[in-house]
1. Calculate the translational D of the protein assembly as shown in whole µm² s⁻¹ from Stokes-Einstein, where the hydrodynamic radius comes from the Kirkwood formula applied to all Cα pairs, the temperature is 10 °C and the viscosity 1.306 mPa s.
2. Can you pull out the chymotrypsin sites (Phe, Trp or Tyr not before Pro) in the stretch A:181-260 whose DSSP state is coil and whose Cβ has at most 15 other Cβ atoms within 10 Å?
3. Mind listing the label-point distances from A:G214 to the same position on all other copies, shortest first, one decimal in nm, points 7 Å along Cα→Cβ?
4. Considering amide H positions built from the backbone, and no H for Pro or chain starts, which residues 5 or more places from A:K211, or on another chain, come under 5 Å of its amide H?
5. Given H placed 1.01 Å from N in the peptide plane, which residues other than close sequence neighbours of B:N34 have an amide H under 5 Å from its amide H?
6. Taking K and R as +1 and D and E as -1, what net charge do the other residues with C-beta under 15 Å from the C-beta of B:F18 add up to?
7. Give me the mean projected area, in nm² to one decimal, of the convex hull enclosing the Cα positions of the stretch A:5-322.
8. Nearest-5 percent of antiparallel DSSP beta bridges in the stretch B:66-225?
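Each reported figure results from applying straightforward, stated rules to the coordinates on display, with no laboratory input. Just so it is clear, the model here is predicted, and its values are computed rather than measured. Here the Cβ is made from the backbone with ideal geometry for all residues, glycine too, and neighbour counts use every protein chain on show.
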Protein chains: 2
Amino acid sequence: MSFLIDGTQYSNWSGTIFRQMRDGGLDAVHVTLNYHETFRETVAVIARWNRWFETYPDLIFQGFTAADLDTARRTRRTAIFFGAQNPSCIEDDIGLVEVLHRLGLRFMQLTYNNQSLLASGCYEAEDTGLTRMGREVVAEMNRVGMVVDMSHSGERSTLEAIEHSARPIAITHANPAAWHPARRNKSDRVIAALAETGGMLGLSLYPHHLKGGGACAIDEFCAMAARTAERFGSACLGIGSDLCQDQPDSVVEWMRMGRWTKAMDYGEGSAAAPGFPPMPDWFRDNRDFPGLRAGLARAGFDAAECDGILGGNWARFFAAGFGAAPAAQGPERRSA
Amino acid sequence: MSFLIDGTQYSNWSGTIFRQMRDGGLDAVHVTLNYHETFRETVAVIARWNRWFETYPDLIFQGFTAADLDTARRTRRTAIFFGAQNPSCIEDDIGLVEVLHRLGLRFMQLTYNNQSLLASGCYEAEDTGLTRMGREVVAEMNRVGMVVDMSHSGERSTLEAIEHSARPIAITHANPAAWHPARRNKSDRVIAALAETGGMLGLSLYPHHLKGGGACAIDEFCAMAARTAERFGSACLGIGSDLCQDQPDSVVEWMRMGRWTKAMDYGEGSAAAPGFPPMPDWFRDNRDFPGLRAGLARAGFDAAECDGILGGNWARFFAAGFGAAPAAQGPERRSA
């Protein structure tokens with residue numbers, strides 16, 4: 001069996017959740033460090049993770065390279081790879097890209113719903129595409145081996161990131177808008193450009209991204225995956241569950257409002273349903289991850305395709321994405 | 001020939017200086033990142049170093065482990081190891097020890113002349129010894145593999161650091177006070193405790209630490225080294241030149257005064273000679289480093305002892321000091 005990898009989670013981390021990762025057989029999870037946090041605040045989150053790594057060395061460890069997937073499998077632990085949902089963590093300083101890469105940051109979204117210094121979010125009325133700094137930061141991310149993630153970005157910004165980036169990019173957690181036209185889901189044009197350039201789409205299990213919300217059936221989700229694979233191939237598909245387990249609703253408010261507004265913003269929610277939506281009953285936590293295989297098989301995927309979607313495709317993408325670009329390597333310069 | 005290693009420099013870095021490191025055959029230099037800089041300011045210095053590593057990949061690269069000494073020799077480059085002269089870079093947050101270790105910090109002084117959160121500097125009237133936080137931070141430095149450096153600390157604090165640290169510590173740049181009773185030089189009691197515990201004394205070439213200042217002759221310096229070796233053995237001795245090449249005098253003011261006083265403080269200088277003192281004419285820059293060998297030989301050291309003092313002893317100490325403590329290693333946890 002290939003690797004099991006979840007392309008996005010932001011839970012209220014605990015020993016319970018780390019044990020569930022092991023019970024689910026997860027070899028790796030890409031975890032979110034920050035939404036609107038500054039560099040210093042993001043470093044504080046890294047320090048908190050270091051405490052978890054020290055406290056639960058038999059369950060988790062920090063992943064830096066694709067080779068850590070083999071270590072995870074061999075030592076029966078889950079490799080935790082860091083990601084940022086927003087470039088707030090690099091502030092206005094391109095030098096922080098390499099610093100955060102050294103600390104293990106392997107994914108960074110260029111925007112989170114709003115305009116950033118780098119590009120436009122999917123909730124802005126105007127989409128600037130990549131800004132001047134955005135183009136410089138994408139090149140720097142390409143150089144050091146940090147994956148551009150456009151999950152929360154606008155259409156034009158996403159297409160320009162795909163075009164401008166010298167290395168494949170990712171949309172770590174979103175679904176096709178053709179299936180469910182949520183603002184966060186992606187157009188066929190974006191998915192086609194992503195797939196053509198070796199990028200990855202992490203299919204999301206967050207209710208607002210699902211047709212029918214949390215009531216969406218596993219077979220409906222997997223049929224959507226099958227239709228997406230028919231059109232764009234299955235090699236670009238992974239899972240990015242967007243699991244936000246055990247989080248209080250204050251966290252979804254921070255995600256949506258950060259410090260950029262004093263007014264209430266419901267984002268994908270509403271005044272009637274302002275909090276985290278309940279997850280589908282077939283994906284409540286990491287223990288349900290292996291159960292996705294049966295659904296994918298029922299939707300027509302063969303064993304190799306199931307392996308790819310549940311982690312093999314992410315593993316290949318990690319191997320291609322996390323090292324320094326060949327041109328950036330000096331004589332024997334280390335890649336991690 | 002063994003490695004050539006300088007245990008402390010803080011120059012106004014440039015391509016010229018990096019080329020002089022190569023001309024001098026330096027395999028490694030421990031460079032100072034910060035005096036009074038905060039965490040964020042120290043990270044900005046690291047980002048500046050990343051630019052130098054990118055600009056001069058044929059001359060320098062960042063060192064993380066003792067194995068990088070072999071890489072340096074094989075690729076004819078100088079490995080740059082980071083150090084802090086003051087714990088201002090960890091602010092009041094013990095979590096920043098591991099974060100900075102990940103970024104490559106391999107030495108940290110617990111104090112710089114003044115009282116810090118961790119211990120007392122050599123200019124304080126009262127020496128508290130290690131504070132509560134000081135004991136915790138020493139244990140954390142021991143755990144991750146960051147060397148405790150007491151170059152600018154008070155006598156009691158230094159003795160307590162030697163005693164409390166589970167791993168050997170360093171005084172990266174100072175001389176015996178018995179030879180030249182400068183406030184920054186160290187008592188025989190400190191040097192004896194250091195040597196007994198496997199620690200290192202980097203003999204300083206900074207004029208205020210030399211008998212006769214910049215006029216001190218190389219043979220006088222090397223005779224001091226020989227007397228120190230007779231008493232404490234040569235295995236604890238290295239060079240920590242404290243070279244501050246091409247620095248404007250505003251930098252020595254920052255070293256002495258930081259942001260802790262508005263009044264002029266001359267430190268080891270005086271109103272008559274407030275700036276950087278001129279270096280001895282036999283050690284103006286890195287190209288003079290190999291010339292120390294002849295002086296040490298004239299003072300009676302054999303070839304193996306010369307090898308040790310010029311870098312072999314630091315190499316052994318790096319190998320013992322820079323990895324995670326065995327107890328801190330989980331299953332296959334990486335040490336860098």
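1. In µm²/s, the coefficient is 59.
2. Numbers: sites: A:F221, A:F232, A:W254, A:W260; in loops: A:W260.
In loop regions of the stretch A:181-260 (DSSP not H, G, I, E or B), the sparsely surrounded chymotrypsin sites (Phe, Trp or Tyr not before Pro) are A:W260.
3. 7.5
4. Correct list: empty.
5. Those qualifying (amide H under 5 Å, at least 5 residues apart or on another chain) are B:Q85.
6. Values: positive: B:R19, B:R22, B:R48, B:R51, B:R76, B:R77, B:R287; negative: B:D6, B:D23, B:D27, B:E54, B:D58, B:D246, B:D285.
With Lys, Arg at +1 and Asp, Glu at -1, the neighbours total 0.
7. On the way: hull surface 57.2 nm².
Spelled out: convex hull of the Cα atoms, projected over all directions, averaged, 14.3 nm².
8. Values: 1 of 11 bridges.
Antiparallel: roughly 10 percent of the beta bridges in the stretch B:66-225.
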